[in-house]
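Below: the structure, in structure tokens.
The values are calculated or read from the model by the stated rules, or taken from the named source; none is laboratory data. Note that the structure is a prediction, hence the values are computed from the model and not measured. Ideal geometry is used to build each Cβ from the backbone, glycine not excepted, and the neighbour counts take in all protein chains shown. Please note that ligands, DNA and RNA were not included when accessible areas were found on the heavy atoms of the full protein model with its side chains. Shrake-Rupley method; radii C 1.70, N 1.55, O 1.52, S 1.80 Å.
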Amino acid sequence: MLVKLSSGIYIGEAKVTDPISGKIRKLKHAVIHFGGNNSNIKGKTSDAPCRKCFNKHGDPGVTLTCSKCFQKGDMFSTYMYDVSFITFNTTTNGTCTTASCDEPDVVIKRAYGFLHNQNFGDYDLVFNNCEHFATACKTGKARCNQAALGFGVAGAIVYKAARRLRW
Ligand SMILES: [Zn+2]
């Protein structure tokens, strides 16, 4: 079964600036994630920013938002690193990788780096998506095991092709 997943880096507590008052506020359960401003992102682009994290839904690029804005009503699950090839091949696409990940402080530093510099590139559903972003933050490598996350037929083809190359 193909499922659509959003990947991001859980930061924990972060500071956000209220764009109206200019005051800095604490934000619990912050997530840094990467998205494109297109129809594939759930939730419509709205002019009213979130009251907690001040983000507008559907903002493109790398954004720091509250967990609620990231989640958009979907379930949370933990992405697994360092899994065996057997686990990788029998687990839902886009939920694990055989790559190992770095320590949390390194990962968070990378995520903030992408956020401040906005240098993760243009969003691409297959070649540069939220999972690539999360994997890059976690491992320091810009590629992930799966090229596709279940974005329909095109994704499935790329996924199979990528697998064939590995064997
Ligand atoms: Zn929010």
If I filter the stretch 50-103 down to residues being surrounded by 13 or more Cβ atoms within 10 Å (Cβ to Cβ) and acidic (Asp, Glu), which single residue comes out as modelled with the highest pLDDT? Asp102
If I go through the stretch 7-22 residue by residue, how many of them are open to solvent by 80 Å² or more (accessible area, probe 1.4 Å) and of a type in the set (Asp, Glu)? 1
Within the stretch 61-107, work out how many residues are of a type outside the set (Phe, Trp, Tyr), more than 16 Å from the ligand (Cβ to nearest atom) and within 16 Å of the chain's Cα centre (by Cα). 12
Among the residues in the stretch 132-141, are any modelled with pLDDT under 85, assigned to a loop (DSSP other than H, G, I, E, B) and either crowded, with 18+ Cβ neighbours inside 10 Å or not hydrophobic (A, V, I, L, M, F, W, C) (or both)? yes
Could you figure out which of (1) at pLDDT 75 or above; (2) in contact with a Pro (Cβ under 8 Å, 6 or more places away or on another chain) isn't true of Gly36? (1)
